[in-house]
1. Match the structure shown to one of the listed values (1) -0.98, -1.18; (2) -1.05, -1.34; (3) -0.73, -1.36 of log10 I(q)/I(0) by the Debye sum over Cα atoms at q = 0.18, 0.26 Å⁻¹, computed from it, and give that label.
2. Suppose the chain between Ser33 and Tyr81 were pulled fully straight at 0.36 nm per residue; how much longer would it get relative to their current alpha carbon spacing?
3. Where only protein heavy atoms count, and the probe is 1.4 Å, what is the accessible area per residue for the chain in Å²?
4. With angles folded into 0 to 90 degrees, how steeply does helix 42-60 sit against the dominant principal axis of the chain? Use alpha carbons for both and round to 10.
5. Between the alpha-carbon centers of the stretch 48-84 and the stretch 29-46, tell me the distance in whole angstrom.
6. Count charges around Glu42 for me, please; just the other residues with Cβ under 15 Å from its Cβ, Lys/Arg as +1, Asp/Glu as -1.
7. Of all accessible surface on the stretch 3-78 at a 1.4 Å probe, what whole percent is carbon and sulfur?
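The values are calculated or read from the model by the stated rules, or taken from the named source; none is laboratory data. Keep in mind it's a predicted model, so treat the numbers as computed, not measured. So basically every Cβ, Gly included, is an ideal-geometry build from the backbone, and we count neighbours across all protein chains shown. Accessible surface is based on the protein model in full, side chains and every heavy atom, while ligands, DNA and RNA are left aside. Shrake-Rupley method; radii C 1.70, N 1.55, O 1.52, S 1.80 Å.
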Amino acid sequence: MSTSFQAVYENGVLRPLTPLSLDERAIVDVVVSPRREVELSEDDISDRRAMWQEFFRAVDEIDEPLPDDSLTNQDIDDILYGSSDAVR
């Protein structure tokens with residue numbers, strides 16, 4: 001069975017953006033094809049700029065501090081994808 005999926009390359013690791021239907025420790029063949037950048041029109045850029053400006057304005061209006069959950073990015077990856085120690 002063959003499947004294609006999107007992944008992000010971070011810290012030397014390809015991380016799928018969606019869960020994969022693979023057995024744990026499955027060995028797979030990987031073909032990497034970087035995504036082409038999509039050219040945006042001036043209207044698209046202007047719309048996105050306005051959207052982000054509105055988002056940051058709304059965030060700036062939040063008065064209460066966010067809770068500190070003390071989770072690191074590694075903790076979150078371990079929760080979502082399993083402990084990285086198990087791979088070693």
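1. (2)
2. Details: separation 48, 0.36 × 48 = 17.28 nm, distance 2.30 nm.
That pair, Ser33 and Tyr81, stretches by 15.0 nm at full extension.
3. On the way: 9080 Å² over 88 residues.
Heavy-atom accessible area per residue stands at 103 Å².
4. Around 80 degrees separate the two axes.
5. 24 Å
6. On the way: positive: Arg48, Arg49; negative: Glu39, Asp43, Asp44, Asp47.
Once positives and negatives cancel, what remains is -2.
7. Values: 4000 of 7810 Å².
Looking at the stretch 3-78 in its full context, I get 51 percent from C and S.
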